[in-house]
Amino acid sequence: MLNVIYNDDNWKFIFPILFNFVMSVTVYFLTVRLIPRIKNMFVKANLYGIDMNKKSGEKVPEALGVVTGCLFLITLFLFIPVPFTNYIFNDTNFPHSEFMEFLAALLSICCMLLLGFADDVLDLRWRHKLLLPTIASLPLLMVYYINFNSTLIIVPKPLRSWFGFSVDLWIFYYLYMGMLAVFCTNAINILAGINGLEVGQSLVFVGDTFCYLSGMTFAVVGIIGHFSKTILLFFIPQIINFLYSVPQLFHFIPCPRHRLPKYNKKTDKLQISTTVFNKKDIGSLGKFIAWIFRKLNIIEWQEDDHGIVTCNNFTLINFVLIKTGPMKEPTLTLILLLIQIASSSLAFLIRYPLASIFYEV
């Protein structure tokens, strides 16, 4: 009977999905029950923050993304034999290449979980946040090189008259995938700043741990699944936020340590956060970028007679507040999540109905 079940092609594909679904639901309820039980441990260990967007000033546990991250990894560890059950019960050629991909993906995610927790505890510098994801992606890139080593990309139809049907990017394709891992792990963290934006809850602060874990998971799926370019379509808000933030991230415009919106206790609303500097302190490139942004009406810029400038911090959250005005935190979170949903819907539209415009499908 077992041989009949395991030899059935349909069951071979359905069983891992059903098993994964049951495990995911179980771990979800386990996480919901576990976080309230251990959050006081984080407070006692001084791993907490003060909710800057509320009047209470209550201590809220930080870095609890490590709980969801550990449970996520435990689930994947237990899931390891499931996709290969058919090969265990039948004396067939074991798919070592797929097994290597799975283990390399787990290794990269583990590394980013460690980095995220270290960042929450040690408050790492930005250069470490760029270097460590690059190192964490190396096992994944090595497995990709051994199993596939395909660096060809298909050129979209409108560009084929210039570049041909395909282009071999050689080593630059691996450089791109490494940069993709760095971007994904930091993009969610850069956009964060208000409760509920990274995840749909505000009882705890998931911290950098969850941001890096989730970002690397997206990168791993994109690289292993051979759609590393498509995965960027689901990061449209993060890409916009990054491009908007570039002048401050690269210090063409002065950048404060934290750029989250400012909480107004009198109105109980969030408003744009600002940075103040002397116009003489920024270079020609910074002045040129500021001039373009002002012409596009995407920043608030106030300058007095002495050249002292007050402008908003360059984040997508502050940009939304510029266009809408001050608003309560739940409303702002909802708007930003709706932007994410709309962007993801656009990504599906581009990837499937409109794909025939650019590629043969």
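The residues on offer are PHE358, PHE319, and the sole one that is more than 24 Å from ALA187 (Cα to Cα), of a type outside the set (A, V, I, L, M) and surrounded by 14 or more Cβ atoms within 10 Å (Cβ to Cβ) is PHE358. The residue list PHE94, PHE117 contains one member that is without any contact (Cβ under 8 Å) to a residue 12 or more places away in the chain, in contact with a helix residue (DSSP H, G or I) (Cβ under 6 Å, 6 or more places away or on another chain) and either part of a helix (DSSP H, G or I) or not basic (Lys, Arg) (or both), which is PHE94. When GLY200, GLY164, GLY196, GLY207 are screened for being surrounded by fewer than 21 Cβ atoms within 10 Å (Cβ to Cβ), on the phi > 0 side of the Ramachandran plot and modelled with pLDDT under 85, only GLY196 passes. Number of residues in segment 61-100 that are over 20 Å from VAL27 (Cα atoms) and under 21 Å from the mean Cα position of the chain (by Cα) equals 1. Checked against (1) without any contact (Cβ under 8 Å) to a residue 24 or more places away in the chain; (2) at negative phi; (3) not charged (D, E, K, R), ILE153 meets all criteria but (1). Only residues that are part of a helix (DSSP H, G or I), surrounded by fewer than 19 Cβ atoms within 10 Å (Cβ to Cβ) and hydroxyl-bearing (Ser, Thr, Tyr) were counted in segment 120-159, giving 2. Taking segment 261-282 as the range and being farther than 12 Å from GLU329 by Cα and among the aromatic types (Phe, Trp, Tyr) as the test, only PHE277 passes.
A quick yes/no check of all residues on (1) in a loop (DSSP other than H, G, I, E, B); (2) in the same structural domain as ARG160 (by the TED database); (3) within 30 Å of PRO156 (Cα to Cα); (4) more than 26 Å from the chain's Cα centre (by Cα):
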residue	(1), (2), (3), (4)
PHE277	no, no, no, yes
ASP305	yes, no, no, yes
VAL320	no, no, no, no
THR333	no, no, no, no
LEU346	no, no, yes, no
PRO353	yes, no, yes, no
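In summary, ILE357 fulfils each of the numbered conditions (1) in contact (Cβ under 8 Å) with a residue 60 or more places away in the chain; (2) under 20 Å from the mean Cα position of the chain (by Cα); (3) over 20 Å from ILE272 (Cα atoms) with the single exception of condition (2). Within segment 285-306, residues that are within 13 Å of PRO247 (Cβ to Cβ) have Cβ atoms under 9 Å from residues that are small (Gly, Ala, Ser) and not in a loop (DSSP other than H, G, I, E, B) in these pairs: ILE299/ALA290; TRP301/ALA290, counting only partners at least 6 apart in sequence or on another chain.
Take the conditions surrounded by fewer than 17 Cβ atoms within 10 Å (Cβ to Cβ) and at pLDDT below 85 and apply them to LYS59. Does it pass? Against the criterion (surrounded by fewer than 17 Cβ atoms within 10 Å (Cβ to Cβ) and at pLDDT below 85), LYS59 qualifies. Could you check segment 167-193 and list, in sequence order, the residues that are modelled with pLDDT under 85 and assigned to a loop (DSSP other than H, G, I, E, B)? Within segment 167-193, ALA192, GLY193 meet the criteria.
Is it the case that segment 128-135 has a residue that's under 26 Å from VAL67 (Cβ atoms) and either touching a Ser or Thr at 6+ places or on another chain (Cβ under 6 Å) or among the acidic types (Asp, Glu) (or both)? Yes, segment 128-135 contains at least one residue that is under 26 Å from VAL67 (Cβ atoms) and either touching a Ser or Thr at 6+ places or on another chain (Cβ under 6 Å) or among the acidic types (Asp, Glu) (or both).
The values are calculated or read from the model by the stated rules, or taken from the named source; none is laboratory data. Just so it is clear, the model here is predicted, and its values are computed rather than measured. No Cβ is skipped: glycine too gets one built from the backbone with ideal geometry, and neighbour counts run over all protein chains shown.
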